[in-house]
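Every number in this text was worked out from the coordinates using simple rules, so none of it is lab data. Note that this is a predicted model, so its numbers are computed, not measured. Quick reminder, even Gly has a Cβ in these numbers, built from the backbone with ideal geometry, and neighbours come from all protein chains shown.
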Amino acid sequence: MQTLALVVVVALALGFDFVNGFHDAANSIATVVSTRVLSPRFAVAWAAFFNFIAFFVFGTHVANTIANDVVDQSVISIGLIFAALVGAIAWNLITFFLGLPTSSSHALIGGMAGAAVAKAGFGVLVWEGLRTIAVFIVLAPLAGLAASFVLMVIVMWSVHRSKKVEPLNRGFRRMQLVSAGAYSLGHGANDAQKTMGVILALLIATGELGKNAEVPFWVVLSCHAAIALGTLTGGWRIVKTMGSKLTRIKPVGGVCAESAAAAMLFFTSAQGIPVSTTHTITGGIVGVGASQRLAAVRWGVAQRVVWAWVFTIPGAAVMAAASYGILQLF
Amino acid sequence: MDRRALFFLGAAFVCLVLTPLTPTDLRWFALVLAGVYLVLAAASALDNRSRRRQPPRR
């Protein structure tokens, strides 16, 4: 019976990864598609490839953080992870239909925290880990914004005397392939590992793996496959919000936004900090808009995005706690 | 002061407020980010001022 429940919850975790794919992974290709550097189909394949090879570059630090530093391992059970995933998936679907680029990562963390609190109270939360995650909810987009602003100013300063506008534009369009690849690498390093972390926690809690076990390779492969399939399936509502509603992006802006976001994701992945790839690329895009003039950023849209961020962890937590409560009735 | 400089000042303030909450080994990151935003705020204010002083182009 436990094996069947374990299989069901692992399948649900992969389902979450799939939803994460069409909700979050689209961000990595939003600027490439909106500047028409790549067709959506090729952009998806490009992103999926770099998502996958990220495992070989960055290891599994983020997965270990999710498994160990969100809630006390002793409280994790199949029912708790099930409720956490249901809460996170429900929140992701609601924000997806509203076209809001919220973070699947924070929905997952909120879901785990909410279900754990419903099960055993606030004492089981790992406050140190949660505090680091909360601080980087704010610092990650701010760092993405500052880095893309500075990059944009440097690039504009170095090319502003050039009269060859068309060749320059072509050059930046080609460079976007590199920056989108780098961003997808960072995205894979940080985002695809979160579901791995949940499955790792589940396998440790059920005794399938030892306490300090590494992520099994089959988990890595299946998580990457699920997120890539999700990316192939949807996410265009959010691509539209990210690529055109927030501010108009040109190839040079795409290069700067993606490079800045990629650098931020490389740094946080190396540190094992689960940040939102959505937040980071949004910061990068706003930085590009602000380098032209502050009015180039559509602050009404940005404000909606910020409110969705603020409510993600508590929203997913409440849904996961309710799911855990319902589960206890059966 | 222009709105962009104010925005950067606000961002620097947020980074400084978050510094004590950041894990000790990563505090330098919040501090450096606050410093970058302060420089950007000053540069943006100067840029705005120099634009206002320029005579209108004919």
Exercise. Name the long-range amide H neighbours of A:Val71: under 5 Å, sequence gap of 5 or more, or other chain; modelled H, no Pro or chain starts.
Key: A:Val126
Quiz prompt | Least to most buried among B:Cys15, A:Cys223 (fewest other Cβ within 10 Å first) | solution = B:Cys15, A:Cys223
Exercise. At most 15 other Cβ atoms within 10 Å and a DSSP loop assignment: could you name the trypsin sites (Lys or Arg not before Pro) in region A:80-182 that fit?
Key: A:Arg161, A:Lys163, A:Lys164
Exercise. Give me the distance in nm between label points sitting 7 Å out from Cα along the Cα-to-Cβ direction at A:Ser158 and A:Phe49, one decimal.
Key: 2.5
Self-check item: Length-normalised contact order of chain A in % [C-alpha pairs under 8 Å, at least 6 apart]
Solution: 39
Self-check item: Cα centre as origin, Lys/Arg/Asp/Glu Cβ charges: region A:2-328 dipole, Debye
Solution: 1640
Quiz prompt | Residue-averaged [θ]222 nm for chain A, counting only DSSP H segments that reach four residues, each worth -39500 (n - 2.57) | solution = -26000 deg cm²/dmol
Quiz item: DSSP H helices in chain A with Cα extent of 20 Å or more along the helix axis and mean Kyte-Doolittle hydropathy at least -0.5?
Solution: A:2-20, A:40-58, A:78-97, A:104-120, A:127-159, A:165-190, A:192-205, A:217-233, A:251-271, A:277-292, A:299-328
Quiz item: If we count other beta carbons within 10 Å of each Cβ, what is the order of A:Met1, A:Met196, fewest first?
Solution: A:Met1, A:Met196
Quiz item: Among A:Val86, A:Gly114, A:Val252, which residue has its Cα positioned farthest towards the positive end of the charge dipole of the protein assembly as shown, with +1 placed on the Cβ of Lys and Arg, -1 on the Cβ of Asp and Glu, and the dipole taken about the Cα centre?
Solution: A:Val252
Quiz item: When the Karplus curve 6.51 cos²θ - 1.76 cosθ + 1.60 is applied with θ = phi - 60°, which whole-Hz ³J(HN,Hα) does each residue of region B:9-25 get, with x for Gly and Pro?
Solution: 4, x, 5, 4, 4, 4, 4, 5, 4, 7, 4, x, 7, 6, x, 3, 6
Quiz prompt | Cβ-based exposure ranking for A:Ser269, A:Ser77, A:Ser39, B:Ser44, in which fewest neighbours within 10 Å come first | solution = A:Ser39, A:Ser77, B:Ser44, A:Ser269
Practice problem: Using only Cα atoms, find the angle between the long axis of helix B:27-53 and the longest principal axis of chain B, and express it within 0 to 90 degrees, rounded to the nearest 10. | Solution: 10
